[in-house]
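Following: one structure in structure tokens, then a few remarks.
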Ligand code: SF4
């Protein structure tokens, strides 16, 4: 029995009953892959249902307002994914004209779709013979084949892709792709892999030779995490609060934000007089933000310029916010409809 046959047989017996596995609808499968990038299954599943309910078809999503998509995306973080998803839906709707592409190259041309997502959608939705190498697959393959070099270098990525290709079955690859990921999620886990329950342990290089699975995959130097303090002020006047929309690139691109301590200083307030609350720590991929929040209720409204604008406080929940701001506003602003 081949690697793939053993793997798929195990998968069909042990797979989790996830909603995107109940069909081969390319739109829904692509949607699930976009939502699950950098998101755990438990966290992403409710969003998958919400998006399908609000936008049951590709054209529904393509024709939706971006703000509405971002609003629905709140809580998932990495908002560039939501923007890319929306742009990709528009592209498919406009250019593919009601047909689906079955090859990973076509999906790779879409915004927000990298080699992994392209391979995953092509193989899972259409059975195309394509590799999909994500973190789980890298772990399984580097251990199974005993790949000794860092996997986070271009040479490592190329080597893993070739190894993934070497075990592809002939014919429909959908179950094979999902089985490999599922093995990484359930059995070949980062810590304490369950080698005794692994369907391919009899031929696994690590399990048989070194017994040291946790040493793999090897990584090169980790990226340093930078620490930063950010101060945000809830400026209130006559039932409204000051907000602005962040630029379309960079951290929290296109989401709403509150004025910083520098902004309110420019409007004539001394931030040293603000009673700052205990910081809220928020971790981004390469940054550790300590967010300090304070309040200011000026007697006269400050002279603001774009991009700042006054928003009725009761309407704050209509805007898309970064997760830590949304959580703070939920506790500190006079509305209660924020999700
Ligand atoms: Fe991973 Fe162990 Fe299976 Fe090898 S035998 S693939 S290390 S779970």
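Numbers at a glance
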{"item": "Cα-based Kirkwood hydrodynamic radius, region 91-216, one decimal, Å", "result": "15.4 Å"}
{"item": "The chain: translational diffusion in µm²/s, Stokes-Einstein, Kirkwood Rh over Cα pairs, 20 °C, 1.002 mPa s", "result": "95 µm²/s"}
{"item": "Helix 174-186 axis, angle to the chain major axis (alpha carbon atoms, nearest 10°)", "result": "70 degrees"}
{"item": "Square roots of five times the Cα gyration tensor eigenvalues for region 1-151, Å", "result": "28, 17, 16"}
{"item": "Whether region 124-197 is rounded, prolate or oblate, judged on the alpha carbon gyration tensor where a/c under 1.5 counts as rounded", "result": "oblate"}
{"item": "Computed Rg/Rh of region 217-339, alpha carbon atoms with Kirkwood Rh", "result": "1.02"}
{"item": "Nearest 10 degrees, 0 to 90: helix 135-144 Cα axis against the chain principal axis", "result": "30 degrees"}
{"item": "On Cα atoms only, tilt of 3-14 relative to the major axis of the chain in degrees", "result": "60 degrees"}
{"item": "Computed [θ] at 222 nm, helices only, for the chain once each DSSP H run of length n ≥ 4 contributes -39500 (n - 2.57)", "result": "-11500 deg cm²/dmol"}
{"item": "Solvent-free Debye scattering, log10 I(q)/I(0), computed from the Cα coordinates of region 275-339 at q = 0.12 Å⁻¹", "result": "-0.40"}
{"item": "Under the Debye formula (equal points on every Cα, no solvent term), log10 I(q)/I(0) of region 10-73 at q = 0.18 Å⁻¹", "result": "-0.68"}
{"item": "Per-residue Cβ neighbour rank within 10 angstrom, fewest leading, 73, 328, 96", "result": "96, 328, 73"}
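No value in this document is a laboratory result; all are computed from the given coordinates. Quick caveat: nothing in here was measured; it's all calculated off a predicted structure. All Cβ positions, glycine included, derive from the backbone under ideal geometry; neighbour counts span all protein chains shown.
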